[in-house]
Structures are given as C-alpha cells and as structure tokens.
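For reference, the structure discussed in these notes is given below.
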Amino acid sequence: MGPHPAVAAIRLAVRRVLHDIATGQAAEHGGTGHTTGHGAVAVAHRTGGPGTAQRHRGPASATAPLVLVACSGGADSMALASALAFEAPRLGLRAGGVTVDHGLQPGSALRADEVALRLRELGLGPVESVAVTVGRDGGPEAAARDARYAALDAAAERHGAAAVLLGHTRDDQAETVLLGLARGSGIRSLSGMAAVSGADGRYRRPFLQLDRQTARKACLVQSLPVWDDPHNTDPAYTRSRLRHEGLPALEKALGKGVVEALARTAQLSRDDADALDTWAGQAESSVRDAEGELQCAKLYALPPAVRRRVLRRAAIEAGAPAGSLFARHIEEMDRLITGWRGQGAINLPGKVVAQRQGGRLVIRQG
C-alpha cells in the first residue's frame with residue numbers, strides 16, 4: 001500500500017525539483033553524474049520522467065550536493081522538510097535545514113531550537129537555527145522577509161548549498177498576486193513568486209502547484225508536529241487580513257476556484273513579463289547614442305511597456321535600489337519622454353537624478 005495521497009503529492013513535487021537540481025549539478029561537472037572520491041550523483045532517465053529517476057539507497061556521500069530547506073515549523077515547511085528528507089537520499093543528494101528566529105515574539109529562540117530538533121529527527125543535516133535582527137524599512141512584513149532571505153543566503157554560502165527549498169504554496173501565490181494588484185505595480189508584480197529565483201537559481205519553490213491544505217494533511221498523516229505562527233492570523237498584517245477576510249470574500253462572491261485562477265494569472269503574467277524584459281534588454285542598446293546616453297526620440301518610438309522597462313533598467317544601473325523604485329518613479333521619468341514641457345529634474349531613490357538635456361535623458365547620481 002502506497003503513501004497517503006497528500007504525502008505522495010508533496011514527495012512528487014519535491015522529487016521533480018531535486019531531479020532538476022541533481023541534473024544541473026551533474027551538468028556543471030561535465031556529465032550525467034558528478035563523480036567524487038566517495039561515490040557519484042547519478043541521474044538516470046526512465047520512462048515516466050523525473051518521478052522515475054534512478055533511486056539511491058542509503059545515505060548520500062559526504063561530498064554530494066547539499067539541498068537546504070527553510071523551515072519555520074509551520075505545516076507548509078514541515079511537509080517540505082519531510083519530503084526532502086525522504087527524497088534526497090534516493091537521488092544521491094544531502095539534505096539539511098535552516099530555521100530563522102526573527103526575535104519578534106516571546107519564546108522565539110526556544111521555538112527555533114525546537115524546529116531545528118525536529119529537522120534533525122527527520123534525518124536532516126546540517127541543521128542550524130539562525131537569529132536575525134529585523135529592521136523597519138518597508139514595514140514589518142518586508143523587513144522580516146529581507147532579514148530572513150539575508151540569513152538564508154548566508155547559510156547557503158556557509159554550507160555550500162546547491163539550493164534552498166521554500167514552502168510557498170498555491171495559496172501564498174494567490175495572495176501575492178492580489179497584493180501586487182492592490183499596489184498597482186504592473187505585470188511583474190502580478191507574476192507573483194517564481195518557481196526558481198535568487199542568485200544562480202538558489203531558491204526553489206516545489207509547492208506552488210499544491211494547496212495549503214495538502215501540506216497540512218501530509219503533516220497530519222505523518223504525525224509531524226506543526227507550529228501555527230500567530231502572526232498569520234493577526235489582522236495587523238496585510239497578508240493575514242487578505243488570507244482570512246479578503247480571499248474568503250472573493251470566493252463567496254465569485255465561487256470556488258479563485259485561488260487556482262490567481263495562480264494561473266501569476267504564471268501567464270510571468271511569461272509576458274519575461275518576454276517584455278527580453279525585448280527591453282535588446283532594445284536598450286538601440287536607443288543609446290555613441291556616448292551611451294538615452295535618446296528621447298528613439299525612446300518615444302518604443303511601445304510604452306518596453307520603454308518603461310528600459311527606463312527602469314537605466315535607473316537601477318545608475319544606482320537606484322530596485323526595491324525602492326516604484327511605478328510612480330518610472331511614470332515621472334516617462335513623462336520626460338512623452339509629456340515634455342520643460343519640467344525640471346526628477347529625484348529617484350538612491351540619490352539618482354533623471355533629467356532631459358538636449359534631446360537626451362540623462363540618469364546619474366545627483
């Protein structure tokens with residue numbers, strides 16, 4: 001008798017991602033397997049795709065590629081950790097874990113230690129608990145996220161990890177799309193979270209096609225202890241209000257299937273945004289003069305979606321922080337091209353200034 005359907009679903013999702021990681025690692029080392037003095041990571045294909053990749057029995061070698069799971073102790077990340085612990089050895093990969101203590105609640109350090117213990121009990125190693133200091137830039141949610149990713153990046157570098165798995169589900173993706181829609185940030189914001197992101201594709205999100213309930217059910221049938229973060233139900237947080245009030249209201253008004261539709265919207269938007277970004281990258285060199293300055297007439301001739309991307313890229317190149325560069329900044333720059341009335345320079349984040357001079361758009365540090 002096979003595993004419970006929820007367990008089978010999470011394992012299959014993780015298996016596919018690990019297969020991609022193992023294949024990528026093998027390719028980097030010049031073949032179908034990364035051979036070391038202690039063994040090999042072999043990726044063999046059979047009929048049926050990654051789900052039927054060659055199975056390794058026993059522990060992976062000490063030099064096999066390492067995959068970390070970021071685990072808060074919640075249902076999503078605990079389900080992910082359990083699937084990683086089960087699947088990684090079967091593909092010749094090592095599996096470890098990281099839990100981040102944000103220090104935002106009483107007893108958070110003790111809870112982080114408990115999560116680390118649970119990960120070790122699953123057979124993961126190395127496992128570590130990392131304490132961070134959460135700043136205030138961008139609000140509490142954004143500041144906590146920035147601190148968390150900085151800690152995960154550092155842990156991946158310390159351990160030489162090939163990838164870090166994140167437990168975001170289809171429900172999280174739907175919430176992200178709605179938050180982007182509310183901000184009016186454009187198609188890139190509507191594209192939500194990518195299945196692969198970060199430097200060199202470090203972050204992988206295996207559960208973006210699975211709902212939150214599947215992960216919770218997988219924990220239940222495996223008797224995995226789960227910690228429910230009270231922040232996830234605190235109405236002081238925007239995402240919490242959206243999760244417990246906004247999405248249920250939408251489903252009541254529009255019927256079931258809203259989450260799935262929003263997740264599809266994310267993928268379609270991502271495809272479109274990627275295509276437009278590629279177009280903008282190709283167009284940028286054609287609108288610069290011999291000195292590398294942007295020519296307003298040639299910018300004007302571009303489609304608006306492509307032109308705004310060129311402007312955004314130029315502002316970031318000049319030193320404007322990408323995370324602080326909003327749609328209103330790009331619109332103001334765009335008006336120097338499409339609505340020129342002799343207006344003065346525009347101040348952008350990062351002490352960057354954009355101004356029109358003699359038919360050119362000059363963007364530089366002010």
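Only a single item in (1) surrounded by 17 or more Cβ atoms within 10 Å (Cβ to Cβ); (2) polar (S, T, N, Q); (3) touching an Asp or Glu at 6+ places or on another chain (Cβ under 9 Å) is not met by Gln295, and it is number (1). When you scan segment 279-297, do you find a residue that is within 32 Å of the chain's Cα centre (by Cα), closer than 18 Å to Ser189 by Cβ, at pLDDT below 95 and not charged (D, E, K, R), even just one? No, segment 279-297 has no match at all.
State whether one or more residues within segment 294-305 are in contact with a strand residue (DSSP E or B) (Cβ under 8 Å, 6 or more places away or on another chain), hydrophobic (A, V, I, L, M, F, W, C), in contact (Cβ under 8 Å) with a residue 40 or more places away in the chain and not in a helix (DSSP H, G or I). Walk me through how you get there before you give the answer.
We begin by selecting, within segment 294-305, every residue in contact with a strand residue (DSSP E or B) (Cβ under 8 Å, 6 or more places away or on another chain); these are 294-296, 299.
Next, from what is left, pick out any that are hydrophobic (A, V, I, L, M, F, W, C): 294, 296, 299.
Subset that is in contact (Cβ under 8 Å) with a residue 40 or more places away in the chain: 294, 296, 299.
Subsequent filtering for residues that are not in a helix (DSSP H, G or I) retains 294.
Yes; the residues of segment 294-305 include at least one that is in contact with a strand residue (DSSP E or B) (Cβ under 8 Å, 6 or more places away or on another chain), hydrophobic (A, V, I, L, M, F, W, C), in contact (Cβ under 8 Å) with a residue 40 or more places away in the chain and not in a helix (DSSP H, G or I).
Only a single criterion out of (1) more than 26 Å from Asp146 (Cβ to Cβ); (2) exposed (fewer than 14 other Cβ atoms within 10 Å of the Cβ); (3) not aliphatic (A, V, I, L, M) is not satisfied by Arg328, namely (1).
Right, Glu291: of a type in the set (D, E, K, R), out of contact with any Lys or Arg (no Cβ under 6 Å at 6 or more places or on another chain) and part of a helix (DSSP H, G or I) or not? For Glu291, the condition - of a type in the set (D, E, K, R), out of contact with any Lys or Arg (no Cβ under 6 Å at 6 or more places or on another chain) and part of a helix (DSSP H, G or I) - is not met.
Applying a threshold of 7 Å to beta carbon distances and a minimum spacing of six or more residues, or different chains, the list of pairs starting in segment 149-173 at a residue that is without any contact (Cβ under 8 Å) to a residue 60 or more places away in the chain and ending at one that is buried (at least 21 other Cβ atoms within 10 Å of the Cβ) reads Ala151/Val100.
Quick one: which of Ala261, Ala218 is assigned to a helix (DSSP H, G or I) and either touching a strand residue (DSSP E or B) at 6+ places or on another chain (Cβ under 7 Å) or farther than 30 Å from Gly103 by Cα (or both)?
Details: Ala218 fails: either touching a strand residue (DSSP E or B) at 6+ places or on another chain (Cβ under 7 Å) or farther than 30 Å from Gly103 by Cα (or both).
After ruling out the rest, the residue left standing is Ala261.
Scanning segment 232-262 for residues that are touching a Pro at 6+ places or on another chain (Cβ under 9 Å) and either among the aliphatic types (A, V, I, L, M) or in contact (Cβ under 8 Å) with a residue 12 or more places away in the chain (or both) yields a total of 2. Closer than 30 Å to Phe86 by Cβ and of a type in the set (Phe, Trp, Tyr) - does that describe any residue in segment 227-240? Yes, the conditions are met somewhere in segment 227-240. Kindly list the number of the only condition in (1) in contact (Cβ under 8 Å) with a residue 40 or more places away in the chain; (2) surrounded by 15 or more Cβ atoms within 10 Å (Cβ to Cβ); (3) more than 30 Å from Pro3 (Cβ to Cβ) that fails for Phe207. Among (1) in contact (Cβ under 8 Å) with a residue 40 or more places away in the chain; (2) surrounded by 15 or more Cβ atoms within 10 Å (Cβ to Cβ); (3) more than 30 Å from Pro3 (Cβ to Cβ), the lone unmet condition for Phe207 is (3).
Among the criteria (1) modelled with pLDDT of 95 or more; (2) in contact with a His (Cβ under 9 Å, 6 or more places away or on another chain), the one Leu84 does not fulfil is (2). Just one of (1) in contact (Cβ under 8 Å) with a residue 60 or more places away in the chain; (2) under 16 Å from Ser72 (Cα atoms) fails for Ser108. It is (1).
Of the residues in segment 46-59, none is at pLDDT below 75, over 30 Å from Ala147 (Cα atoms), among the hydrophobic types (A, V, I, L, M, F, W, C) and surrounded by fewer than 20 Cβ atoms within 10 Å (Cβ to Cβ).
It is to be established whether one or more residues within segment 146-166 are more than 29 Å from Ala64 (Cβ to Cβ), over 16 Å from the mean Cα position of the chain (by Cα), modelled with pLDDT under 95 and part of a helix (DSSP H, G or I).
Our first condition is that a residue be more than 29 Å from Ala64 (Cβ to Cβ); within segment 146-166, this holds for 146-147.
Of the ones still in play, those that are also over 16 Å from the mean Cα position of the chain (by Cα) are none.
No, that holds for no residue.
Could you list, in sequence order, the residues of segment 135-161 that are touching an Asp or Glu at 6+ places or on another chain (Cβ under 8 Å) and surrounded by 13 or more Cβ atoms within 10 Å (Cβ to Cβ)? Matches in segment 135-161: Gly138, Ala143, Asp146, Ala155. Candidates in segment 62-80 are the residues that are in contact with a helix residue (DSSP H, G or I) (Cβ under 6 Å, 6 or more places away or on another chain) and in a helix (DSSP H, G or I); of these, the one that is surrounded by the most Cβ atoms within 10 Å (Cβ to Cβ) is Ala79.
If you filter segment 107-134 down to residues that are in a strand (DSSP E or B) and small (Gly, Ala, Ser), you find that the one that is surrounded by the most Cβ atoms within 10 Å (Cβ to Cβ) is Ser129.
The values are calculated or read from the model by the stated rules, or taken from the named source; none is laboratory data. On a predicted model such as this, the values are computed, not experimentally measured, just so you know. So basically every Cβ, Gly included, is an ideal-geometry build from the backbone, and we count neighbours across all protein chains shown.
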